[in-house]
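Data first, discussion second: the structure below is written as structure tokens.
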Amino acid sequence: MNDPIARAVAMLRATAGDRVHAGLSLAPLTTFRIGGPAAIYLEPQDEDDLAAAGRAIVETEIPFVVVGKGSNLLVSDRGFAGLVLRLGRGYRWVARDAGRLRAGAATPLPALAGVALQHGLAGLAFGVAIPATMGGAVKMNAGAHDGSMFDVVETVEVFRLRAGAAASIPAVDAGFTYRRSALPEDAVVCAATVALAPADPAQIRSAMDEARSWRRRTQPLGEPNCGSVFKNPSGDHAARLIEAAGMKGRTVGGARVSMKHANFIVARPRARAADVLTLIGEVQAEVERACGVRLEREVRLVGAFDDAA
């Protein structure tokens, strides 16, 4: 068997059986709702599944990517020619020890913020407005409302796919910076512990309500999008620069810069990933021309895109 994809499928099915899927569409797994299929798709439920995935990756040399809620992804129209991992229900849990919450990486961040509220623990209210899993939020150092995962994460538990081994990484060694971490490329975040502080539940609830209200007021929640497309430059806001460059409302094919929030691109009917990426490039070029600032993408690209795009 010379086909690396076929070999990887066979290896994975020896452990995960019919939970291994070939050619599964990734569009429904992203908030953009666009993109092609994964050559192989698996939702690992435990460390055995991750170990099997690691062996398949090492022995067949196929590319791989780990996704969470898919809220910051743009998947190529051609899909992804490798293995896509999305942690399953076995990684969706929360445990409490005094002021600390330890959660599996598949736990939605808004749900974890709700657990913190139930126990009167402050510090995670910002998470109620971020449509991400715990793993994705840690990996990208997600943040909003002057809070970020860096502020609360104490330890990160990962599984190194190439080494086939688990490890615990202190937050100070995770390399957290604005909207990213320096976790190793093959490190699948499996769980993390956040350290929170006791507070009045009424105050925590008020902060969460304000975060929800702000999101409804300012973001195009009724249209498929990936969240913020660009990182905010130091001392400024990407949305302000995009508006100043006259790009609010600009369209390419089925992709449009949102009229509600200029740092969002919405996917209209029949939008393609190529439309979105072309529009991203046009926004970057026009903002740089008009404002002298090169915006950096926050959205992750998955799969192969044409050089022209």
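Brief remarks follow.
- Placing a label point 7 Å from the Cα of Arg100 along the Cα-to-Cβ line, the residues of region 169-185 whose backbone N sits under 13 Å from it are 169-171.
- Helix-derived mean residue ellipticity, 222 nm - over the chain, DSSP H n ≥ 4, -39500 (n - 2.57), to 500: -9000 deg cm²/dmol
- Taking all protein chains into account, the per residue accessible area for region 210-309 stands at 50 Å² (1.4 Å probe).
- Value of relative contact order over the chain, rounded to a whole percent, pairs C-alpha under 8 Å and six or more apart: 17
- Estimated FRET transfer efficiency when R0 is 25 angstrom, pair Glu282-Ala304 (beta carbons, to 0.05): 0.75
- Given (1) 35, 27, 15; (2) 30, 28, 16; (3) 26, 22, 21, the label whose value is semi-axes √(5λ) of the Cα gyration tensor in Å derived from this model: (2)
- Student exercise, the chain dipole from Lys, Arg, Asp, Glu Cβ charges, in Debye to nearest 20: 840
- Net charge dipole, region 223-293: roughly 220 debye, given to the nearest 20, about the Cα centre with Cβ charges of +1 for Lys and Arg and -1 for Asp and Glu.
- Here region 23-84 is assigned +1 on the Cβ of each Lys and Arg and -1 on the Cβ of each Asp and Glu. Its dipole about the Cα centre then comes out at about 420 debye.
- Using C-alpha pairs under 8 Å with a sequence gap of at least 6, the mean separation divided by the residue count of region 239-309 gives a relative contact order of 28 percent.
- Accessible area in the full protein assembly, largest first, 1.4 Å probe, for Arg180, Arg86: Arg180, Arg86
- Each of Pro201, Phe126, Val266 was scored by the projection of its Cα onto the charge dipole of the chain, and the greatest displacement toward the positive side belongs to Val266; charges sit on the C-beta of Lys, Arg, Asp and Glu.
- Look at the alpha carbon pairs under 8 Å that are at least 6 residues apart: their mean separation over the length of region 118-187 gives a relative contact order of 27 percent.
- Take the Cβ atoms of Asp18 and Val115, set R0 to 45 Å, and the FRET efficiency comes out at 0.85.
The values are calculated or read from the model by the stated rules, or taken from the named source; none is laboratory data. Because the structure is predicted, anything quoted here is derived from the model rather than measured. Ideal geometry is used to build each Cβ from the backbone, glycine not excepted, and the neighbour counts take in all protein chains shown. The protein model used for the area step is the full one, side chains on, heavy atoms only, and it has no ligands, DNA or RNA in it. Shrake-Rupley method; radii C 1.70, N 1.55, O 1.52, S 1.80 Å.
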